[in-house]
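Working notes, structure below.
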Amino acid sequence: MGRAFIEKLPKVELHIHLEGTVQLELIQELAEKTQTPLPKPADELFSFTGLADFLDRLDWICSLVRNPEDVKRLAYDYARYAASQNIMYAEVITNPTHWKALSYQQLIPGILEGFDQAYEDGYTDCRLLVSLLRSQTKQESLALVRWMTAHRHPRLMGLSVDGNEAVSKQSNRVLCDAFLEAKHAGFAITVHAGESSPAEGVWEALDILGAMRIDHGVRSITDPVLLRRLADERIPLNITPTSNLMELYPSLEEHPLGKLYELGIPVTVSTDDPMLMSIDLCTELEKSANAFGWGASDLIRLQENAIRASFCDAETKQLLRDKLKIFCDCYHKA
Ligand SMILES: [Zn+2]
């Protein structure tokens, strides 16, 4: 599949962590400002020995951000970068537990301000999903949801959860009240599952946490009954191919994305942590197209899936569909 087509295609990204979008130049600038030595030479900052090293680096990057002004800058920079990739709309996840120098009361408004400003300046329409960590307590999770409910903002779309399910086996039971409250308050629900957990984690995300879509969900591939449910109920899976190669699959050819797509499950393709993994959405789509034999119509279908799976209002969805249609009409005429 041609790179030029993928670059021009108006795209939607639904599974991306703000923590993993910080560009090297900004990291260096913040390290200098806070007089923090780099843990590695700059050109090795994005190479890792494994998942633990990766998570350490992510926390270290977040620790450089000490005030809401820097958060705003970081959010703004992401929206500007996303626009350069022709990403017309993104739902960005942040997990407040990574940002040790800031409270979520400082973090969330800072991000929303950055997204607002970027949108006004003509960059990508970014919305925010706030994520709990699997190991958080019931009390902590409820406090966050109640704060979100009291501080509504049009770009604050929903609640998420990430972290290692394998070490927090009871987390769905611990966090379910927070998810129920969030849903009643009108927030959308997305859940990381079926990556650090087997297919069972996806069942629980749907039936205990009320997930409207799943981040990852790739290990659903082992459960035919679950696959049928995902297809029948059109439950979206936001899949991040390169990120899954870190822990789960030796190569993209062995990744179940192609098969999940063929089964009629509404999959979308995202990057997870693009800067940390030295990837971008265009490359992820290009590699996936090559691995699974996808053509232009398949890549367009993925964007249609993502628009449908997004948590924005009907009017915004129509606007995104119109932009995609204008591109497709021009492409077919050319
Ligand atoms: Zn993720």
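Taken together, the values in this text are just the output of simple stated rules run on the coordinates, not laboratory data. Here the structure is a predicted model, which is why all the values come from computation and not from measurement. Because the Cβ atoms are built from the backbone with ideal geometry, glycine has one as well, and the counts that use them run over all protein chains shown.
Scoring 150-158, 296-304, 190-198 by mean Cβ neighbours within 10 Å over their residues and listing the highest first yields 190-198, 296-304, 150-158. Computed from the alpha carbon atoms alone, the convex hull of the range 1-94 holds 127 Å³ per residue. For the range 3-329, a Kirkwood hydrodynamic radius built from all Cα pairs, placed in the Stokes-Einstein relation at 37 °C and 0.692 mPa s, yields a translational diffusion coefficient of 165 µm²/s. Ordering 130, 174 by the number of other Cβ atoms within 10 Å of each residue's own Cβ, fewest first, gives 174, 130. Residue exposure proxy: 265, 6, ordered by other Cβ atoms within 10 angstrom of their Cβ from fewest to most, comes out as 6, 265. If you filter the range 49-142 for trypsin sites (Lys or Arg not before Pro), then keep DSSP loop positions with at most 12 other Cβ within 10 Å, what is left? Counting only loop positions with at most 12 other Cβ atoms within 10 Å, the trypsin sites (Lys or Arg not before Pro) in the range 49-142 are 100. Taking all C-alpha pairs of the range 284-334, those more than 14 Å from each other amount to 58 percent.
Look at where the Cα atoms of the range 1-77 and of the range 151-200 average out, and the two centres are 24 Å apart. For the chain, averaging the sequence separation of C-alpha pairs within contact (under 8 Å, six or more residues apart) and dividing by the residue count gives a relative contact order of 20 percent. When the pairs 11/333; 183/317; 8/183; 287/317 are compared against a 25 Å limit on Cα-Cα distance, 8/183; 287/317 fall above it.
Comparing the range 51-170 with the 2.2 N^0.38 Å rule of thumb, its C-alpha radius of gyration ratio is 1.08 (two decimals). Note on the range 153-204: semi-axes of the ellipsoid equivalent to its C-alpha gyration tensor, largest first and rounded to whole Å, are 22, 12, 9. Applied to the range 236-244, the Karplus parametrisation 6.51 cos²θ - 1.76 cosθ + 1.60 on θ = phi - 60° returns per-residue 3J(HN,Hα) values of x, 10, 8, 9, 10, x, 4, 4, 5 Hz, with x for Gly and Pro. Phi angles of the range 264-270 translate, via the Karplus equation with coefficients 6.51, -1.76, 1.60 and θ = phi - 60°, into HN-Hα couplings of x, 7, x, 7, 10, 10, 9 Hz per residue; Gly and Pro are given as x.
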